[in-house]
Amino acid sequence: MTMEQHIEELRAELRNAPTLEERRQIESELNAAIEQTDAEIQTLPPH
């Protein structure tokens, strides 16, 4: 699974989270995945 797919899966889970606690957990995981992706993009050479 690519990071992009993982982020989309987390977004789908977030939309369907039944409790506030679960929503907060998923939001945390989603934010971490987005930050990791942003960091990886920053290390890529310019085109």
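Assorted remarks:
- Counting residues in segment 22-40 that are assigned to a loop (DSSP other than H, G, I, E, B), of a type outside the set (A, V, I, L, M) and at pLDDT 95 or above gives zero.
Table: residues versus (1) of a type outside the set (A, V, I, L, M, F, W, C); (2) in contact with an Asp or Glu (Cβ under 9 Å, 6 or more places away or on another chain); (3) free of Cβ contacts under 8 Å to residues at least 24 places away in the same chain.
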site	(1), (2), (3)
Gln5	yes, no, yes
Glu8	yes, no, yes
Arg11	yes, no, yes
Pro18	yes, no, yes
Arg24	yes, no, yes
Ile34	no, no, no
Ala39	no, no, yes
Thr43	yes, no, yes
His47	yes, no, yes
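- Single residue of segment 1-22 satisfying the filter (touching a helix residue (DSSP H, G or I) at 6+ places or on another chain (Cβ under 9 Å) and over 17 Å from Ile41 (Cβ atoms)) that is surrounded by the fewest Cβ atoms within 10 Å (Cβ to Cβ): Met1
- Note on segment 15-47: residues that are aliphatic (A, V, I, L, M) and within 10 Å of the chain's Cα centre (by Cα) amount to 5.
The values are calculated or read from the model by the stated rules, or taken from the named source; none is laboratory data. Keep in mind that what you see is a predicted model, and the values were worked out from it rather than measured. Glycine also receives a Cβ, built like all others from the backbone with ideal geometry; neighbour counts cover every protein chain displayed.
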